[in-house]
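Written below as structure tokens is the structure these notes are about.
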Amino acid sequence: MSESNSFQLGTVGALSLSVISSVSIVICNKALISTLGFTFATTLTSWHLLVTFCSLHVALWMKLFEHKPFDARAVMGFGILNGISIGLLNLSLGFNSVGFYQMTKLAIIPCTVLLETLFFRKQFSKSIQGSLVILLVGVGIATITDLQLNALGSFLSMFAVVTTCIAQIMTNTIQKKFKVSSTQLLYQSCPYQAITLFVIGPFLDGLLTNQNVFAFKYTPQVLFFIVLSCLISVSVNFSTFLVIGKTSPVTYQVLGHLKTCLVLGFGYILLHDPFSWRNIFGILIAVVGMVLYSYYCTVESQQKNNETITQLSQPKENETDPLTSMENGATLGDGIAAKTPLWKSSKDLHA
């Protein structure tokens, strides 16, 4: 099996794992929150991350992956930023209407595209931009019911979008810059995320619910769903880092909207949630956008691979035989000097 086919199978596996685990945890948490009254979302997320770290530590002890330390400041900053972005998203939901919160989630894709274009000079073709617009319109029709605005909620939503975009871009950038796997990055950043949310979680949950998470009555049924949610979260957290590392932050957000459509569908089928033709119409449009986005990404990826193969197969036009260069008066020192600006510019780009 070629390296390209292996990469494609790995990507499909990562996407499938992300969808299955995310839909499962949403259904589990919906039962926990709506049915059993456990509404402490931020604190629950801190427990998710703590269980994820413990699971990865056991996997490391079993030598299922290799620990690869790198820049400690980058890991700490990344972990804390991730924790803050989760807290801000929960606050945004608490201080805004559901419709405005959905608008906040939709804003993550264009914000990510803007940041990657401005700071990483990444180019998105008109075909991909068009497919993203179709996707966002479809998800908007399916999910947005009202748009009640308030100053504090808007301010929190803006910061939630920005921090989430930066955290997801950092996930992709750190893995490529330091050549670490998704497992290695998750293992090192998990403690910082968990501590951040464990500190701010009870305060945020108390602010949003007017209840104390430590005074809640933990029945055996509640404990069962909490443990189940934490176990599923290991797969969710791992697949998140895996998908962003193998694809891009924009693709991960597109996948997130696919999960939203699936959750709506499963909620209607399994939990008998209210559903309308507007939901169905919006989901169909969103699916069209996702299919187009996947198609154009695949086509452009193949074109880039073909161009790379063509360039590698063609001899360099300026490449000359070393002996001929010496006969023409060129020296070894000239050759090194000629390459110096290229090396320096490459270093400046990574600085």
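Worth a mention:
- Scanning the stretch 34-68 for residues that are within 17 Å of residue 191 (Cβ to Cβ) and open to solvent by 90 Å² or more (accessible area, probe 1.4 Å) turns up 50, 57, 61.
- The single condition among (1) more than 27 Å from residue 204 (Cβ to Cβ); (2) open to solvent by 30 Å² or more (accessible area, probe 1.4 Å); (3) part of a helix (DSSP H, G or I) that residue 116 does not satisfy is (2).
The values are calculated or read from the model by the stated rules, or taken from the named source; none is laboratory data. Note that the structure is predicted; figures quoted are calculated from it, not measured. Positions of Cβ are backbone-derived with ideal geometry, glycine not excepted, and every protein chain shown enters the neighbour counts. Surface areas here come from the heavy atoms of the whole protein model, side chains and all, with no ligands, DNA or RNA. Shrake-Rupley method; radii C 1.70, N 1.55, O 1.52, S 1.80 Å.
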